[in-house]
Amino acid sequence: MTRIILIGFMGAGKTTIGRQLALTLGLQFYDLDWYIEMRYHKKVSEIFAEHGEAYFRDLEQRMLHEVAEFENVVISCGGGTPCFGDNMDYMNRQGETVYLKLQPETLAMHLNMGRTVRPLIAGKTGDELLQYIKEKLAEREPYYTQAKHTLDVSLMDNYEKIAITIKLLREELSL
Ligand code: S3P
């Protein structure tokens, strides 16, 4: 049974890489944010706006417990998932956790280009965004680095990133 759980900051490419990894390995792919949206018929941004972050974190934990029971899957989590409650310990018990590590500058570039509506960074651009990423990443890295595997993907450019990451992940996980 294979269960791979990708974690990392917003804009790390968890969804893009997770989907491709699942395809390559013939596994099902689940994105936790999409799963929440499908179960609740609401966008993550709407849940934040209507109920606030604490409510979202509670929901996120409950949905994580559903998704991380599925077998032969690749799961990509939200950037905050590992940092609340005992989620990180739980994920380490459930599967092969992988931290996709990128430098703040690269994350900022991805987030500036991204089309996903992300409530925590809505309206932030340029220096303000970079500053936010640096501060938040410093807070979150102690959780992210508890993953069983860490893959530093900052130095790869976008074009080769997916293919190389998949190759490295397969080597790391012996798959
Ligand atoms: C969040 C990241 C988002 C989403 C929510 C909160 C975070 O997921 O779960 O907006 O706290 O970093 P992505 O990392 O997929 O953008």
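The values are calculated or read from the model by the stated rules, or taken from the named source; none is laboratory data. Here the structure is a predicted model, which means the values were calculated and not measured. Glycine also receives a Cβ, built like all others from the backbone with ideal geometry; neighbour counts cover every protein chain displayed. Note: areas computed on protein heavy atoms with side chains; ligands, DNA, RNA excluded. Shrake-Rupley method; radii C 1.70, N 1.55, O 1.52, S 1.80 Å.
Filter region 1-19 down to the residues that are part of a helix (DSSP H, G or I) and open to solvent by less than 10 Å² (accessible area, probe 1.4 Å), then identify the one that is farthest from the ligand (Cβ to nearest atom).
Filtering region 1-19 for residues that are part of a helix (DSSP H, G or I) and open to solvent by less than 10 Å² (accessible area, probe 1.4 Å), the one farthest from the ligand (Cβ to nearest atom) comes out as Ile17.
Among all residue pairs at least 6 apart or on different chains, which show Cβ distances below 6 Å where the first residue, located in region 30-41, is assigned to a helix (DSSP H, G or I) and the second is within 8 Å of the ligand (Cβ to nearest atom) and modelled with pLDDT of 95 or more?
Hits for this filter: Leu32/Cys77; Leu32/Gly78; Asp33/Val44; Asp33/Gly78.
Looking at region 119-144, I want the residues that are among the aromatic types (Phe, Trp, Tyr) and have a partner that is open to solvent by less than 40 Å² (accessible area, probe 1.4 Å) with Cβ atoms under 7 Å, at least 6 apart or on another chain. Which pairs are those?
Partner pairs satisfying both residue conditions: Tyr132/Ile121; Tyr143/Pro82; Tyr143/Cys83; Tyr143/Met88; Tyr144/Ile7; Tyr144/Gly8; Tyr144/Pro82; Tyr144/Tyr99.
Considering only region 26-54, state which residues are open to solvent by 90 Å² or more (accessible area, probe 1.4 Å) and at positive phi.
His41
Under 9 Å by Cβ, and 6 or more places apart or on different chains, what pairs join a residue from region 54-71 that is in contact (Cβ under 8 Å) with a residue 60 or more places away in the chain with one that is polar (S, T, N, Q) and part of a helix (DSSP H, G or I)?
Once the first residue is in contact (Cβ under 8 Å) with a residue 60 or more places away in the chain and sits in region 54-71, its partners that are polar (S, T, N, Q) and part of a helix (DSSP H, G or I) give Ala68/Gln94.
Could you please let me know if Ala22 is away from the ligand (no atom under 14 Å from the Cβ), among the hydrophobic types (A, V, I, L, M, F, W, C) and out of contact with any Lys or Arg (no Cβ under 9 Å at 6 or more places or on another chain)?
yes
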